[in-house]
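Only one structure is covered here, and it is reproduced in the block below.
The values are calculated or read from the model by the stated rules, or taken from the named source; none is laboratory data. Quick caveat: nothing in here was measured; it's all calculated off a predicted structure. Here the Cβ positions follow ideal geometry from the backbone for every residue, glycine too, while neighbour counts run over all protein chains shown. Accessible surface areas use protein heavy atoms only, side chains included; no ligands, DNA or RNA. Shrake-Rupley method; radii C 1.70, N 1.55, O 1.52, S 1.80 Å.
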Amino acid sequence: MKKLQYLFMSLAALLLATPAFAQGGEVANQWVPLAAGLGMALAAGLCGLGQGKATASATEALARNPGARPGIFIFLILGLAFIESLALFTFVIIFLKVK
C-alpha cells in the first residue's frame, strides 16, 4: 500500500510540473535537433537489425528448400524495401522538422 501511495504521489508531482515546461518558444526548440538525431539513430539501428534478421531467415529458408528460391527472393526484396522505407521516411520527417 505504501508503494502505491508513493507511485501516485510521484505521478501527481509529474502532472503538476508540466505547466512549468509550457512556456514554449526557444526552450522547447532547443531539443529538436537532439531528438531528431536520436530518432534517426534508433530508426537506422532497428532497420539494420530487421534487415539482418530478414536476410538470415531467407538464407536459412534457401538452405532448407533450394527449389523455393524465386518465391523467397521476391518476398525478401519486398520486405527489405519496406524495412528500408522506414529509415527513409524517418529521414524525410527529420529533414522537414529540423530547421
Next item on the list: Keeping all protein chains in place, calculate the accessible area per residue for the chain (probe 1.4 angstrom), answer in Å².
Entry: 82
Next item on the list: Could you give the size of the charge dipole of the chain about its Cα centre, using +1 on the Cβ of each K and R and -1 on the Cβ of each D and E, expressed in debye and rounded to the nearest 20?
Entry: 240
Item checked: Binned Cα-Cα distance frequencies in the chain - 10 Å width, integer % -> 13, 23, 19, 20, 15, 9, 1
Check: Within the accessible area of the chain, what % is carbon and sulfur when the probe is 1.4 Å and the other protein chains stay in place?
Finding: 76
Note to self: To test your reading of the geometry: what angle, between 0 and 90 degrees and rounded to tens, separates the Cα axis of helix 69-97 from the longest principal axis of the chain?
What the structure shows: 30
